[in-house]
C-alpha cells in the first residue's frame with residue numbers, strides 16, 4: 001500500500017503564466033481527497049487525468065484567494081458534468097456563503113448535494129473518520145483563520161500466511177479472528193501463536209499539510225511522527241522579516257517543524273515569485289532536516305515502506321497543449 | 001489605425017485541459033479593455049504578454065461562471081502586484097457583492113480603488129464616453145441578465161497634407177481649424193477647400209461582443225454596421241433544440257445576426273465541448289454570411305482598413321511552459 005500526493009500547484013499569491021497556486025490531490029487507500037483549490041485547479045486535475053467523480057471530499061485551509069479561488073469553478077464543472085454524488089467541502093465558516101452566493105447569482109442549483117462542514121482554527125478537530133482513515137484539522141497561525149489537515153490511515157488487519165495456516169489445518173471460518181491478531185488453537189488443543197500464522201500489515205501512513213502559517217511549535221505537536229509533511233515555506237531566511245510580517249514561514253522554519261514533529265519527509269511549497277531558484281529553499285531546509293523535497297506541479301509524491309518516490313505526470317515539459 | 005482583439009478563451013461552460021473559458025482583450029486607440037473574465041484569464045493575459053497595468057476597464061456580460069470566475073483572482077493579483085490606478089468594472093448588479101464578499105473573507109482591502117458600474121439588461125446604455133471612443137451595453141436574451149458590449153471609435157481629426165499647406169503658406173496656428181474640416185482663406189482672400197489641404201482620417205472602427213444569447217433580431221438593431229462582431233455560437237444547427245433550451249445561439253443564428261447588422265466580419269466563439277471539429281461552425285455560418293472566423297485562444301484579430309488579420313501569439317503550439 002502507498003499514499004500518493006499529486007501536486008496541482010505550489011506557487012504563492014498570484015498564478016504566473018506557468019505556475020498554479022496551491023492545490024494537491026491525496027490518494028489514500030483508494031480514496032481521493034482534494035486539499036486547497038487555487039484558480040485553475042480543475043485544469044490541473046484534467047491534466048493529471050484524475051477523474052472528477054473520484055473526489056468526494058475537498059479541504060480548504062483558509063480563504064486567501066491562492067487557496068480557494070478555483071473552488072467555485074470546480075464545483076460548477078461538477079454540476080455541468082451532471083454529477084449526482086454528494087460532496088463534502090471542509091473549510092472556514094464563510095466559505096459556504098461565498099460559494100452559494102455565486103451559484104445564486106447564476107441561477108444554479110447544483111445537480112448534486114454539497115455539504116459544507118465548518119472547520120475552526122482554535123483547536124484540533126476530527127473532521128471525518130471511517131474504518132480506513134481519520135482526517136483532522138489543526139490550528140495554524142496566519143493573518144486569517146487557517147487550519148492544517150492531517151490524514152491518517154488506520155491500522156489494517158494482519159495478513160494471513162496461508163501456507164502455514166493450511167499446514168496446521170486452520171478452517172476458513174477462523175481466518176477472520178486470526179487476521180484480527182488472535183492466536184489459534186487446534187481441535188487437539190495445540191496453541192499456534194498468531195505471529196506464526198500472519199504477517200505484519202503495512203504500517204499505516206500519515207500525511208500532514210500545513211498551509212500558510214508562521215512558525216509555531218504547536219504545529220509539530222499536532223502531527224507527531226507524520227510520514228510526510230507538506231509545510232509551506234514562502235520565503236528563505238534572507239526574507240525572514242517579510243515572512244514575519246506576512247505570517248508565512250521560511251524554509252528553515254518549515255524544516256524545524258518537520259524536525260520537532262519527528263517527520264520522515266518534508267515537502268516544501270508555496271514559493272514566493274520573488275525567488276527564481278527554488279533550490280535555495282531545499283538547501284536551507286537541509287541544514288535542519290534530512291529528507292527535503294520541493295513541491296512541483298503535476299508531480300506525484302508516492303510514499304511507501306520503501307520511501308518517497310517522485311515522478312512527473314507530464315511526458316514532456318511542454319505537453320501543456 | 002487598427003483595432004485589435006486578443007482572445008484569451010473561447011470555450012463554453014467548463015474549461016478543459018487545454019481550453020479556457022470566455023475572455024478577450026480589446027485594444028482600441030491605445031486603450032485596453034478586458035471583456036469577460038473566465039477562470040484562468042490572468043494566466044492567459046500573462047501568456048499574451050499583456051501588461052496588467054494597461055487594463056483600467058473590465059466588462060462582464062453576465063454572471064455565469066465561464067464568463068467571470070477569473071475576475072476575483074485577477075483583481076486580487078492587481079492588488080498583490082501593488083496596483084494603485086483606479087479600475088472600473090462594468091457588470092450586472094450582483095457582481096460587486098460577489099467580489100467584495102470574497103475580499104472581505106480574506107481581509108483584503110485592495111491597494112487601488114475599484115468602481116463597480118452596474119449594467120442593466122433591458123435597454124441599451126452608454127457606459128463610457130471619451131473624445132476617443134464610446135462604449136455601450138445592449139440587451140441580450142439569456143437565462144440570466146446578460147448584456148452585449150459595443151465599442152465604437154470616434155471620428156478622428158482630418159490629416160493635414162503638409163506639403164500642400166506649406167505651398168499655400170498656411171500658418172501653423174490655422175492647422176487646428178483645418179484638421180477640424182474648415183476651408184482656409186489666405187490673406188489675399190483666396191479660398192482653399194478643406195479637401196485640398198487634408199486627407200480623410202481612417203474610418204472609425206466598431207467592435208461588438210454578443211455574449212451568451214439566444215437569437216433575437218434586436219441584437220442586430222443595436223450594432224448596425226459594426227466592423228467586427230464576436231457572436232457566441234455554442235452549437236450548430238444539429239443541436240438547435242439544445243441551443244433553444246439553454247438560450248444559446250447556433251452558428252447559423254450568429255451568421256444571421258451578422259447579416260442583419262450589416263457587419264463586415266463575424267467571429268464565432270463559446271463552442272460547446274460536445275464538438276470536436278469547430279470547422280463545422282464556420283461551414284454552417286458561411287452559408288449565411290461571407291466573412292466568418294473562429295475565435296482561437298491566444299490569437300489576435302487585427303482589424304484595419306485592409307481587412308482582418310489573424311495571428312497566433314504563441315510561437316509554437318506547445319510553448320505553454
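The values are calculated or read from the model by the stated rules, or taken from the named source; none is laboratory data. The shown structure was predicted, so the numbers you read here are calculated from the model rather than taken from an experiment. Methodologically, a virtual Cβ is constructed for each residue, glycine included, from the backbone with ideal geometry; neighbour enumeration extends over all protein chains shown.
Among the residues in segment A:198-215, are any in a helix (DSSP H, G or I), surrounded by 12 or more Cβ atoms within 10 Å (Cβ to Cβ) and out of contact with any strand residue (DSSP E or B) (no Cβ under 7 Å at 6 or more places or on another chain)? No, because not a single residue in segment A:198-215 is in a helix (DSSP H, G or I), surrounded by 12 or more Cβ atoms within 10 Å (Cβ to Cβ) and out of contact with any strand residue (DSSP E or B) (no Cβ under 7 Å at 6 or more places or on another chain). Is it true that some residue in segment B:98-107 is surrounded by fewer than 19 Cβ atoms within 10 Å (Cβ to Cβ) and either touching a helix residue (DSSP H, G or I) at 6+ places or on another chain (Cβ under 9 Å) or touching a residue at least 12 places away in the same chain (Cβ under 8 Å) (or both)? Yes, some residue in segment B:98-107 is surrounded by fewer than 19 Cβ atoms within 10 Å (Cβ to Cβ) and either touching a helix residue (DSSP H, G or I) at 6+ places or on another chain (Cβ under 9 Å) or touching a residue at least 12 places away in the same chain (Cβ under 8 Å) (or both). Here is a check on your reading of the model: is residue A:88 over 23 Å from residue A:224 (Cα atoms) and more than 14 Å from chain B (Cβ to nearest Cβ)? For residue A:88, the condition - over 23 Å from residue A:224 (Cα atoms) and more than 14 Å from chain B (Cβ to nearest Cβ) - is met.
From the residues in segment B:118-129 that are assigned to a loop (DSSP other than H, G, I, E, B) and without any contact (Cβ under 8 Å) to a residue 24 or more places away in the chain, which one is surrounded by the fewest Cβ atoms within 10 Å (Cβ to Cβ)? Talk me through it step by step, then tell me what you get.
Within segment B:118-129, the first condition is being assigned to a loop (DSSP other than H, G, I, E, B), and the residues that meet it are B:119-124.
With the extra rule that they be without any contact (Cβ under 8 Å) to a residue 24 or more places away in the chain, the set shrinks to B:122-123.
Values: B:122: 8, B:123: 10.
Of everything passing the filter in segment B:118-129, B:122 is surrounded by the fewest Cβ atoms within 10 Å (Cβ to Cβ).
Can you tell me which residue is surrounded by the fewest Cβ atoms within 10 Å (Cβ to Cβ) among those in segment B:163-176 that are within 19 Å of residue B:200 (Cα to Cα) and out of contact with any helix residue (DSSP H, G or I) (no Cβ under 9 Å at 6 or more places or on another chain)? Looking at residues that are within 19 Å of residue B:200 (Cα to Cα) and out of contact with any helix residue (DSSP H, G or I) (no Cβ under 9 Å at 6 or more places or on another chain), I get B:163. In segment B:98-117, the residue that is farthest from residue B:57 (Cα to Cα) out of those that are more than 10 Å from chain A (Cβ to nearest Cβ) and part of a loop (DSSP other than H, G, I, E, B) is B:109. Apart from one condition, residue B:2 fits all of (1) away from chain A (no Cβ under 13 Å); (2) out of contact with any strand residue (DSSP E or B) (no Cβ under 6 Å at 6 or more places or on another chain); (3) modelled with pLDDT under 95; the exception is (2).
The single condition from (1) modelled with pLDDT under 95; (2) closer than 25 Å to residue A:219 by Cα; (3) buried (at least 17 other Cβ atoms within 10 Å of the Cβ) that residue A:132 fails is (3). Among the criteria (1) away from chain B (no Cβ under 14 Å); (2) modelled with pLDDT of 95 or more, the one residue A:95 does not fulfil is (1). Would you be able to say whether some residue in segment B:139-146 is more than 18 Å from residue B:67 (Cβ to Cβ) and either surrounded by 12 or more Cβ atoms within 10 Å (Cβ to Cβ) or out of contact with any helix residue (DSSP H, G or I) (no Cβ under 6 Å at 6 or more places or on another chain) (or both)? No, that holds for no residue.
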